[in-house]
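Okay, structure first, notes after.
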Amino acid sequence: MADVSAHPALAAIGSAAALVTAAHAGPALTSLPPRRWLAPSLAGIGAPGHVALTFDDGPDPGSTPAFLDALAGLGWRATFFMLGSMAAAAPGLAAEVAAAGHEIALHGHTHRTHLARTPRAVAADLARGRDVLSSLTGRVPVWHRPPYGVISGPGWWAARHLDLRLVLWSAWGRDWRAEASAETVVADLARDLHGGATALLHDSDCTSAPGAWRSALGALPGLADLVQARGLTVGPLRDHEVVAGWAPPGTRRQDRGRGDPRAGSVTTGRRR
């Protein structure tokens, strides 16, 4: 577990406690994907012939292995936004995801909105989650997607200090709902699944309706048909060439070019 007091920048995040932006207050409160009103980089818009496939909330021994098998059958690699607490409870599975060639990213250590936490708690959560995932998988996360897609000032500053790049999504399957099915997930994805999209699904129901993950798993064959019909390829965010980065108002963007996984970092004039 990371010691926040050892990182002055994290301990001082209280000065940045003002809310930068909230992508949405929770998945159930909006049907508008973030791409429609946020910066393209934050929505994960990338290479025009490519779709970045991402999964949140795992790794879950009751469901993630089924996703690994399905992805292997399709020949796809994806980005898994893991919770540190879930990975710590299933360390072998977290390592298995990485060993299968998938990208490991940070969703947080726990799944709590940053708006309900103190700046110090947000910083500690991100640092702890990153350290757990790095230790268990041997991969240092590059990407961070906050719980519920809610970005706060403290969360942004903590992510920046930890060299994590924020990304949300531009297409989603709304697969967390009890009423979701494979057919509804494909239909919801299809509305915004164009070249350059980042798609959001869940490989665990730890924060969703019980058994909801089955709708996402069942949707993968239909998703494969969809991307084939639209002439798109599927892969992780590391191959997505996400466009140059987003920064909160009043900061200066420092673009480092497409294709660099750290591209589009932002700066306030200080060295990171």
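Nothing in this text is a laboratory measurement; each read-out follows from the coordinates by a stated rule. Predicted, not measured: the structure shown is a model, and the values here were computed from it. Neighbour counts are summed over all protein chains in view; Cβ atoms, including those assigned to glycine, are modelled from backbone coordinates with ideal geometry.
Here are the numbers for this structure:
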quantity	calculated
For region 114-191, radius of gyration divided by Kirkwood radius, i.e. Rg to Rh on alpha-carbons	1.07
Interchain or long-range residues, amide H under 5 Å from H202's placed H	D56
Calculated over region 77-150: convex hull of Cα atoms, volume per residue (Å³)	73 Å³
A99 paired with T118, simple spin-label distance in nm, labels 7 Å along Cα-to-beta-carbon	4.1 nm
Pairwise centroid distance, computed over Cα atoms, of region 195-226 with region 72-121, Å	15 Å
Global size of region 86-219 as Cα Rg and Dmax, reported in angstrom	15.3, 42
Separation in nanometres of the label points that stand 7 Å from Cα toward Cβ, at A178 and H194	3.6 nm
Spread of Cα-to-Cα distances over 5 Å intervals beginning at zero, given as percent, for region 193-240	5, 19, 25, 22, 16, 11, 3
Cα principal axis extents for region 150-232, largest first, Å	40, 34, 16
Pairwise Cα inverse-distance average, inverted: Kirkwood Rh of region 80-122 (Å)	11.3 Å
Semi-axis lengths, Å, region 43-113, gyration tensor of Cα atoms, sqrt of 5 times eigenvalues	21, 17, 9
